[in-house]
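Read the figures in this text as sums done on the coordinates, not as results from a lab. Predicted model, so just to flag it, every value in this text is computed and none were measured. Positions of Cβ are generated from backbone atoms using ideal geometry, with glycine treated the same way; all protein chains shown enter the neighbour counts.
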Amino acid sequence: MAANVDENVKALQEVRRREENASCVDCGKPDPDWASCALGVFLCLDCAKIHCSIPSINNVKSIRMDHWEEGQVEFLAQRGNAKAKARYEALVPAYYYRPVHTDCLVLREQWIRAKYEREEFMEPGKQSSYSNGLMEGILWKQGRDNRQYLPRRFLLLEREGCLKYFTKHDAKEPKMAIKIDTVNAMFQPEKTGHPNGLQITYLKDNKTRNIFLYHEDGKEIVDWFNAIRAVKFHYLKVAFPVACDQELKRRLTRNFLKEGYMEKTGPRQKESFKKRWFTLDHRRLMYFKDPLDAFAKGEVFVGSGENGYSVLEGLPDGTQGSFTWQYGITIVTPDRDYLFTCETEKDRQEWVAAFWHVIKQPMTPQEYAVEAYFKLKP
């Protein structure tokens, strides 16, 4: 009996060592140590927990801690992650967001449910809720001034290339019509305090505007997210006809490079440093009095190193403004230096790394135009 157990363990480890099984089938996390007896795939612990909540695929076991029968090991050997992806991800649209292990729970859960429970990507026509260029429904939107979430009707129209929302369900005219080419969307559960919290940003008069939304139903909010990506993808297909799908996908939605509190001083560098919430959205460094503010109090353009931008640890000698936090950062631009302080050395290192990530990249023609706008601002 013991010999059979040892043989099963050895065979299981051989299957697990295959290159196709070296990462979680659903989120790509390396070294998965769980497996599905229902699907014959290898999973990380977090995705295994999601599988356990879905009755049709809830037969999962630990590779290290559970006992494996010979037939179960043979099933894994015959299936594996590559075959499962070929079957369950056969028709994933180019614009559909495939979550990774660092993404929030609602994205990962709905990806798994879409694949195995709803089988959305196994035959054509099952993605109609977010793929036909038209989506309408009620989302809970945070008020700009009172911070209360109220139901608002949203309308996404590919033929007009815009996202609209209405303050009343039967209103004829929208409160706001947002051009889809300026829209970005990202999930922000921690920031909004809701597991399905979504942040939408867009440009208004070349300034960033934030909208915070949620829906109680995870499928509904993820469908909205992918519908926005779908409409934007089709818009970019027309705008950049020679660009490949992979290049267009990178332009659909993006997470902020870095967010968090820092202190800042004013342009004379003699004012007291004030605590602000900062968001680095590629070349736009924005600061807010509160993380959920609709508009930034100010924005700083972060260009490339070849155009005179750099970031330094520390503050210039003789800095006069009083500050509470001791870990300084100086952003050097062609026009002026910006001074910040961080609460910890870890925070400083993370911010410096994020700034260098941007500064090392050459600027595009569109970014030169944005830089020119920033220089013309009063």
(message) Order these by the 10 Å Cβ neighbour count, fewest first: H357, H169.
(response) H169, H357
(message) Greater than 21 Å separation of Cα atoms is the criterion. Which listed pairs, K207/K289; K83/K249; K249/K289; K49/K85, meet it?
(response) K83/K249; K249/K289
(message) Starting from the 7 Å offset along Cα-to-Cβ, what nm value, one decimal, do you get for the label separation of R118 and K10?
(response) 4.6 nm
(request) Note the angle between two axes, namely the Cα long axis of helix 345-359 and the longest principal axis of the Cα atoms of the chain, as a number of degrees from 0 to 90, rounded to the nearest 10. (result) 80 degrees
(message) Just to compare against my own numbers: the Cα pair-distance distribution for the range 194-334, 10 Å bins, whole % per bin, please.
(response) 10, 30, 32, 18, 10, 1
(message) Can you compute the helix-only [θ] at 222 nm over the chain? Use -39500 (n - 2.57) per DSSP H run of at least 4 residues, normalise by all residues, nearest 500 deg cm²/dmol.
(response) -8500 deg cm²/dmol
(request) Calculate the length of the line joining the C-alpha centroid of the range 191-205 to that of the range 20-49, in whole Å. (result) 31 Å
(message) Under 10 Å, Cα contacts only: if you run a Gaussian network model on the chain, which one of K204, K219, K115 comes out with the highest mean-square fluctuation?
(response) K204
(request) Grab the other residues whose beta carbon is less than 11 angstrom from that of I359, score K and R as +1, D and E as -1, and report the net. (result) +1
(request) Starting with the highest mean, order 292-300, 178-186, 12-20 by the number of other Cβ atoms within 10 Å, averaged over the residues of each peptide. (result) 178-186, 292-300, 12-20
(request) With a 10 Å radius around each residue's Cβ, average the other Cβ atoms per peptide and rank 235-247, 71-83, highest first. (result) 71-83, 235-247
(message) Run the simple label-point estimate for D293 and E216 please: 7 Å along Cα→C-beta, distance reported in nm.
(response) 3.3 nm
(message) Testing the spin-label approximation: label points 7 Å from Cα along Cα→Cβ at L203 and A239. State their distance in nm.
(response) 0.9 nm
(message) As I understand it, the value is the acute angle between the Cα axis of helix 365-376 and the longest principal axis of the Cα atoms of the chain; what does it come to in degrees, rounded to 10?
(response) 30 degrees
(request) Counting other beta carbons within 10 Å of each Cβ, put F374, F288, F273 in order, fewest first. (result) F374, F288, F273
(request) Assuming R0 = 35 Å, can you tell me the calculated FRET efficiency for the pair Q78 and D46, based on Cβ-Cβ distance, to the nearest 0.05? (result) 0.85
(message) Between 0 and 90 degrees, rounded to the nearest ten: what's the tilt of helix 2-16 against the longest Cα principal axis of the chain?
(response) 40 degrees
(request) Calculate how large, on average over all directions, the projected area of the Cα convex hull of the chain is; give the answer in nm² to one decimal. (result) 23.2 nm²
(message) Relative contact order for the chain: what percent, with Cα pairs under 8 Å and sequence separation of 6 or more?
(response) 9 percent
(message) Please report the spacing between the Cα centers of the range 208-236 and the range 324-378 in Å, no decimals.
(response) 29 Å
